[in-house]
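Accompanying notes for the structure given below.
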Amino acid sequence: MRPREGRLELRTEIIPRSRIAALLEQLSGRKLTHACRHFVGDLPIHCGDILELYHEGAWVAGRYEWTGKVGDAPTFNHAGGVVVLGNESVLRWPT
């Protein structure tokens with residue numbers, strides 16, 4: 001069972017070896033060994049995922065976005081606007 005909510009966490013993970021990884025290495029001309037991505041609990045978040053953010057005392061549904069660059073902050077786009085996410089952000093998967 002996946003964790004329902006948690007703080008946003010940026011992790012580095014080892015990219016598993018596969019034919020796709022080998023093709024990307026060939027096309028990019030560089031070795032792919034690690035990737036950074038955000039997690040809520042033990043589940044990775046992907047751009048465009050619909051999540052809920054605890055914002056201003058309530059859970060708000062919206063879309064997670066990130067450039068994939070470690071120095072860039074991820075954002076949460078919802079009906080009321082855009083929130084820049086940080087390590088203190090509490091997110092959950094919708095039910």
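The values are calculated or read from the model by the stated rules, or taken from the named source; none is laboratory data. All figures in this text were calculated on a predicted structure; none of them were measured in a lab. All Cβ positions, even for glycine, are placed from backbone atoms using ideal geometry, and neighbour counts span all protein chains on display.
Kindly indicate which of 43, 51 is of a type outside the set (Asp, Glu), in contact (Cβ under 8 Å) with a residue 24 or more places away in the chain and loosely packed, with under 15 Cβ neighbours inside 10 Å. Answer to the selection: 43.
Any chance segment 29-40 includes a residue that's modelled with pLDDT under 85, within 18 Å of residue 75 (Cα to Cα), touching a strand residue (DSSP E or B) at 6+ places or on another chain (Cβ under 8 Å) and not aliphatic (A, V, I, L, M)? Looking through segment 29-40, at least one residue is modelled with pLDDT under 85, within 18 Å of residue 75 (Cα to Cα), touching a strand residue (DSSP E or B) at 6+ places or on another chain (Cβ under 8 Å) and not aliphatic (A, V, I, L, M). Counting only strands (runs of 3 or more DSSP E) that fall entirely inside segment 34-89 and contain at least 1 residues that are under 30 Å from residue 22 (Cβ atoms), of a type in the set (Asp, Glu) and under 14 Å from the mean Cα position of the chain (by Cα), the qualifying elements are 58-65.
Within segment 81-95, the set of residues being touching a residue at least 24 places away in the same chain (Cβ under 8 Å) and either touching an Asp or Glu at 6+ places or on another chain (Cβ under 8 Å) or small (Gly, Ala, Ser) (or both) comprises 86, 87, 89, 90, 91, 92, 93, 94.
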